[in-house]
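Note sheet for the following structure.
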Amino acid sequence: MAHFLITANCCAWKSAEWTARTETLLSYGVRNLNCSLGKSDLGSSAAEELASLLSEKRKQGKALSAVSISYTDPELPSEEQFGQIAEAAKQLGAAKIRVFVPFEGLGSGSAETASCLSKLADIARDSELTLCLDNQPGGAAASAAEIKAFLDGIPDLRLIFDPAAFASGGNDPLSSYLELEDRIDGLLLTESETETRIPEMISLLAKTDGVRLLILPKGCANLSEAAKTAKRCAEDAQPIRLGIIGLGNMGRGHSDNFLSGHIKEMRITAVADINPDKLSYATEKLPWAKQYATASELMDSGEVDAVIVCTPHYFHPPLVIEALSKGLHVISEKPAGVYTKQVREMNEAAAKSDKVFAMMFNQRTNHVYRKVKEIVDSKKYGEIRRVNWIITEWYRPQFYYNSGGWRATWAGEGGGVLLNQCPHQLDLWQWICGMPCKIRAFLHEGKWHDIEVEDDATIYAEYPNGATGVFVTSTGDYPGSNRLEITLDGARILCEHDQIRLTELDEPLSSFTVTCKSVFGKVGYHDVPVETDGKNEQHVGVMNAFSAHILYGEPLIAAGTEGINGLTISNAAHLSSWTNQTVTLPLDEDLFYEELKKRIATSRAKGQVQEVVQDDMSSTY
């Protein structure tokens, strides 16, 4: 799950070697620097000067991964000075601060050293940075046990592991790594990769969570070969080359998960967007990734093994079909599409392909809904009698709808709250309760906003066993609710505020109703504690399951072909509301498509659009 930054120790940034060194590194494909900051570099003006210089390098794909300070400087930084270093590091976009300490002195457990580093680690943490302990250049290493004992006293201090230092001290590098692996944030690479077991360590480091450094030493005799070795080992540890199609809100969200080191066994190698302005995000955040103006160019590039489709809804099926036809694994953002007729064609293409097709139904990773499904599927409490879901936490101001030319239009989006906000809940509804057989719906278009699609919906459903369901949603309510209630023959499940309340009846209703001899008799009941595993991995969990299925055949969170189920409910609800009739499933897909085309034909262009990309999407699912 690590996000590797291949970086190199660089000289002090104002030194005469700086320009030549950085250009050499760039020519070898090393795009991250590790820069030393001296006392004269403290303060905002110096940081601004360096930030300006680095901004030019960033245009060439170069960035700063870490800044370095030396603990052995005669004038050690005070807490105030270190605070300035941390501020400079943040301004420069660094992920970590490396502090060099002679490791041979750690075995004695220096109280003064520990006290100072503990305070510095606290300051770094409060600045959302990581302080990493590094061996003073030229110094010998203490044993792994001694270093571990020292680190145990400073929970927020991480370690840069130097295999060569351990080898020179007569310690086995790999054994030492394994003893310290839960505290390691980076590896100092050497030219003798076989002797120091570098590839094995990189493979182990790749399985950790977060940003990890692979550091080329300053004195490396063959920097080009060392850089190639680091890149090859990192790629071997993360073998799947991923392309992102669409760099709007969701595309950037997936990219940020990768950059945070949460996506395992994948690396982003290419991006595509028809809007050149959105590609500027990749220039800054993904400088190594190839950029393409169209999805087809990306898929034809040979740079990817898999793609994730993060485009407006209508493009999901055709892009999935194209990816599969070109031998690529593909995962699509929700919804599967706009109309089931098109999605069925996508599923047929998937059935003919040997590549993996998955759907981004991240709410299936939520421990609450997984546990509810487990209870229902167990049949311990019998069949479902009734299900009610009110999900009105989707409030949106008019500005939201004005933030994209395609939003809330029949031509651009194909629907409103059911198609944009609720695909996850519609998927969960059918995933937990099964597919209904009849739908009667009342959808209000533009009830609360100046839009042409629905922003308020009430769906009534009937099931083959006689059970009924009601689903209510809106983007016009505030603060709104998210309450799922499932009545079973022998229990009631209530989900609200991320908690499950399970009320068990002393006797199933089906038998009590027949056997009760009291006019107003009521069955006894009691609450049963419900334990979950607490996991809620969301998009990260879906992506990691996708890669694990590609590599090892492990289960997907949601197969791509399952996307048609929730969309069927959505299409049936629209058709019911449009025709003012009950719709019986299976859906008349041709009739729905004809009705949709009527609305597309009259879809109006927006007069004022202010394109906005939201950085944090966590509140939208």
**Message:** Which of the numbered conditions does Phe442 fail, given that it passes all the others? Conditions: (1) hydrophobic (A, V, I, L, M, F, W, C); (2) under 32 Å from the mean Cα position of the chain (by Cα); (3) open to solvent by 30 Å² or more (accessible area, probe 1.4 Å).
**Reply:** (2)
**Prompt:** Do we have any residue at all in region 271-286 that's of a type in the set (Val, Ile, Thr), at pLDDT below 95 and not in a helix (DSSP H, G or I)?
**Reply:** no
**Message:** Testing Ala94 on (1) at pLDDT below 75; (2) buried (at least 21 other Cβ atoms within 10 Å of the Cβ); (3) in a loop (DSSP other than H, G, I, E, B), one condition comes back false. Which one is that?
**Reply:** (1)
**Prompt:** What number of residues within region 524-567 are over 20 Å from Leu419 (Cβ atoms) and part of a helix (DSSP H, G or I)?
**Reply:** 13
**Complete:** Within region 294-313, residues in a helix (DSSP H, G or I) and open to solvent by 40 Å² or more (accessible area, probe 1.4 Å) come out as Ser296, Glu297, Asp300
**Complete:** If we keep only residues of region 470-496 that are touching a helix residue (DSSP H, G or I) at 6+ places or on another chain (Cβ under 9 Å) and more than 30 Å from Pro397 (Cβ to Cβ), then the residue surrounded by the most Cβ atoms within 10 Å (Cβ to Cβ) is Leu488
**Message:** Can you tell me which of (1) buried (at least 20 other Cβ atoms within 10 Å of the Cβ); (2) assigned to a loop (DSSP other than H, G, I, E, B) is the one Met435 doesn't meet?
**Reply:** (1)
**Asked** Can you name the number of the only condition in (1) open to solvent by 20 Å² or more (accessible area, probe 1.4 Å); (2) in contact with a helix residue (DSSP H, G or I) (Cβ under 8 Å, 6 or more places away or on another chain) that Glu374 fails?
**Response** (2)
**Condition broken by Val330, with the remaining ones in (1) in a strand (DSSP E or B); (2) under 25 Å from Ala408 (Cβ atoms) satisfied** = (2)
**Item:** Residue check, Leu505 more than 28 Å from the chain's Cα centre (by Cα) and open to solvent by less than 50 Å² (accessible area, probe 1.4 Å)
**Value:** yes
**Asked** Within region 515-526, can one find any residue that is of a type in the set (D, E, K, R), open to solvent by less than 100 Å² (accessible area, probe 1.4 Å) and either under 18 Å from Lys379 (Cα atoms) or out of contact with any helix residue (DSSP H, G or I) (no Cβ under 8 Å at 6 or more places or on another chain) (or both)?
**Response** no
**Request:** Could you tell me which numbered condition Gln291 fails, if it satisfies all but one of (1) open to solvent by 50 Å² or more (accessible area, probe 1.4 Å); (2) within 21 Å of the chain's Cα centre (by Cα); (3) in contact (Cβ under 8 Å) with a residue 60 or more places away in the chain?
**Result:** (3)
**Asked** Within region 395-419, which residues are open to solvent by 10 Å² or more (accessible area, probe 1.4 Å) and either among the charged types (D, E, K, R) or closer than 9 Å to Ser474 by Cα (or both)?
**Response** Tyr395, Arg396, Arg407
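Mind checking whether some residue in region 337-345 is among the polar types (S, T, N, Q), open to solvent by 10 Å² or more (accessible area, probe 1.4 Å) and either in contact with a Pro (Cβ under 8 Å, 6 or more places away or on another chain) or part of a loop (DSSP other than H, G, I, E, B) (or both)?
Within region 337-345, one or more residues are among the polar types (S, T, N, Q), open to solvent by 10 Å² or more (accessible area, probe 1.4 Å) and either in contact with a Pro (Cβ under 8 Å, 6 or more places away or on another chain) or part of a loop (DSSP other than H, G, I, E, B) (or both).
The values are calculated or read from the model by the stated rules, or taken from the named source; none is laboratory data. Just so you know, these numbers come straight off a predicted model, no measurement behind them. Cβ: placed from backbone, ideal geometry, glycine included. Neighbour counts: every protein chain shown. These accessible areas exclude ligands, DNA and RNA; they are computed on the full protein's heavy atoms, side chains included. Shrake-Rupley method; radii C 1.70, N 1.55, O 1.52, S 1.80 Å.
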